[in-house]
Amino acid sequence: MLEKMLIGMAKWSEGASPVRRFTVVGLLILFMAGFMIWYWDWANLSSEGMVSAFILNIFVFFFILMPLTWLWKKMKS
C-alpha cells in the first residue's frame with residue numbers, strides 16, 4: 001500500500017505544474033504551522049517545551065522511522 005502511494009505521489013509530482021506543487025506544499029505547511037500554534041496555545045506549553053517536542057519529533061523521524069523504512073524495503077526486495 002505504501003509503495004502504491006509513493007508511486008502515485010511520484011506520478012502526481014511529474015504531471016503537476018510547478019505552481020500547483022508549490023501551492024499544495026505551501027498550504028500543507030501553513031496548515032501544519034497553524035495546528036502547531038493552536039496546540040501550543042491549547043496545551044499552554046512554554047517555548048522550551050515546544051522546542052523540545054520539535055527536536056524529539058525530528059529525532060524520531062530521522063533515527064527511528066527512516067532506518068525502519070530502509071529495513072522494510074531491504075526485506076521486501
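The values are calculated or read from the model by the stated rules, or taken from the named source; none is laboratory data. No experiment lies behind these values; they were computed from the predicted model shown. When we count neighbours, we look across all protein chains shown, and the Cβ atoms used for this are built from the backbone with ideal geometry, even at glycine.
The table below lists the values:
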quantity	calculated
Answer from ILE7, ILE37, ILE58 - the residue that is closer than 30 Å to LYS73 by Cα and not assigned by TED's automatic domain parsing to the domain that holds LYS76	ILE7
Wholly within region 1-63, helices (runs of 4 or more DSSP H) carrying at least 1 residues that are exposed (fewer than 10 other Cβ atoms within 10 Å of the Cβ) and in contact with a Lys or Arg (Cβ under 9 Å, 6 or more places away or on another chain)	2-15
